[in-house]
1. Going residue by residue through segment 350-365, is there one that turns out to be surrounded by 19 or more Cβ atoms within 10 Å (Cβ to Cβ), touching a Leu at 6+ places or on another chain (Cβ under 6 Å), at pLDDT 95 or above and not β-branched (Val, Ile, Thr)?
2. Go through segment 237-263 and count every residue that is buried (at least 19 other Cβ atoms within 10 Å of the Cβ), charged (D, E, K, R) and outside any helix (DSSP H, G or I).
3. Which ones in segment 392-412 are under 21 Å from Ile283 (Cα atoms) and either modelled with pLDDT of 95 or more or surrounded by 16 or more Cβ atoms within 10 Å (Cβ to Cβ) (or both)?
4. Which count do you get for residues in segment 316-332 that are touching a Ser or Thr at 6+ places or on another chain (Cβ under 8 Å) and buried (at least 20 other Cβ atoms within 10 Å of the Cβ)?
5. Pull out all pairs, ordered by first then second residue, where Cβ-Cβ is under 7 Å, the residues are six or more apart or on different chains, the first lies in segment 414-425 and is at negative phi and buried (at least 18 other Cβ atoms within 10 Å of the Cβ), and the second is in a helix (DSSP H, G or I) and of a type outside the set (Lys, Arg).
6. Looking at segment 130-141, which of its residues are small (Gly, Ala, Ser) and in a helix (DSSP H, G or I)?
7. Look through Gly273, Gly209 and report the one residue that is at positive phi and crowded, with 20+ Cβ neighbours inside 10 Å.
Amino acid sequence: MSVNAKHEAREETPLRVALLGCGVVGASVARLLVEGRDDFAARIGRPLDVVGVAVRRLGRDRRDTGLPDELFTTDAEELVTRADIVVEVIGGIEPARSLILRAFEHGASVVTANKALLAEDGPRLYEAARAHGVDLYYEASVAGAIPLLRPLRESLAGDDVRTVLGIVNGTTNYVLDKMDSTGQGFAEAVEQAQALGYAEADPTADVEGFDAAAKAAILASLAFHSRVTAPDVYREGISEVTASDVRAAAEMDCVVKLLAICERQQREDGGQGISVRVHPAMIPRSHPLASVREAFNAVFVEAEAAGELMFYGPGAGGDPTASAVLGDVVAVARHRVGGGLGPAESAYADLPVLPMGQTRTRYYLSLDVADRPGVLAQVAEAFSRHGVSIQQVRQTVAADDRSSAELVIVTHRATDEALGATVREIGDLDVVVGVSSVMRVEGE
């Protein structure tokens, strides 16, 4: 056989794709691979053939995938040994981790959407991929269809990222958006999200911030070239956000969003560190993230040279997430055809993650106080003693009780530790009936 004939034969040999999982995303990936087979072959230089789909149980109607029944198997461990590319969309830690490591050992590159696994054990997966000379891609693990991770680790590789600020969970954004636009309470908005399929029957992972925290760890690792895991991320959910909090934000021309925030900050010793946190916060309606409605995601990135960038789009769903998965499949397939590998882990900066107490931001506080002279002075003295500077103050008399008033305070940037000490002291003052709300203010 001539050299040209050998080359042509190699070009016609399909790359073998194994799919782990056939839920909403997996079924979309399978269907789009079948429907776009000719286009993928043209883009890559070789066809992609699905050689198997690992599922928990056989016998279900899976005609929507476009694949024959004989390709479905419950033996995932055997399946990954005969693939060039493994797509993992089963989620969770195990058996996903073991299957990915087994795929690496057998020379397969891996595309995954598994944010929880990457946030817990990303460095180990990176090291295993490098040891076996294969790729690990995971664009779909954060923000669904939005091209975000590749710009962070490739397009901005020549820049210094200062801040990543984003809405990365569609469920919580839908809930908070409905609370803002309709005046609904938290429980009512969650029920509506569940009825529409935006929230799970058990929404804990979303509304308590676990999902967003895993994504924040991935974003911070890429943006700041440092290893960040989910336990490093400070996390608060939205279950304590009330309709009163949302109304108070509206009175300040703000909205409440659950934000994933990753930013460089100065350490107390003068060095650099990173703050990585997930919590509800007020942001001005003039900020680009304030206009992100319903279940959409958006991420705002600020870099030294590039300036301000924003990425926006659907953050979940079968076809949108499958789009991100297939983009990664094309990338790793091209590497298999042309040689080379994608970017490996970049953790050279090794910046420490700062404790939440050292994180600096602005705060909104609502206090129920006695309506008599000297109250504001006592409260202001407590702020001063802890080095927290007051930016705005507004006092209103309670309509149903002329002896009490509401005191609303917005601070300048202060550490979380100083603000916490201030709140504790204020709560003990005789003139303060109670601290009804404390919320961070971001985006200014």
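The values are calculated or read from the model by the stated rules, or taken from the named source; none is laboratory data. Source: prediction; values computed, not measured. FYI the Cβ positions are ideal-geometry reconstructions off the backbone, even for glycines, and counts take in every protein chain you see.
1. yes
2. So the count comes out to 2.
3. Result: Leu407, Val408, Ile409, Val410, Thr411, His412.
4. 3
5. Short answer, once both residue conditions are applied: Thr415/Gly357; Thr415/Gln358; Asp416/Met356; Asp416/Gly357; Thr422/Ala382; Thr422/Phe383.
6. Ala131, Ala140, Ser141
7. Exactly one of Gly273, Gly209 is at positive phi and crowded, with 20+ Cβ neighbours inside 10 Å, namely Gly209.
Results for (1) among the basic types (Lys, Arg); (2) over 16 Å from Leu258 (Cα atoms); (3) free of Cβ contacts under 8 Å to residues at least 40 places away in the same chain; (4) in the same structural domain as Asp84 (by TED's automatic domain parsing), shown as yes or no for each residue.
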| position | (1), (2), (3), (4) |
| --- | --- |
| Val276 | no, no, no, no |
| Pro280 | no, no, no, no |
| Val292 | no, no, no, no |
| Ala306 | no, yes, no, no |
| Ser323 | no, yes, no, yes |
| Val330 | no, yes, no, yes |
| Arg334 | yes, yes, no, yes |
| Ser346 | no, yes, no, no |
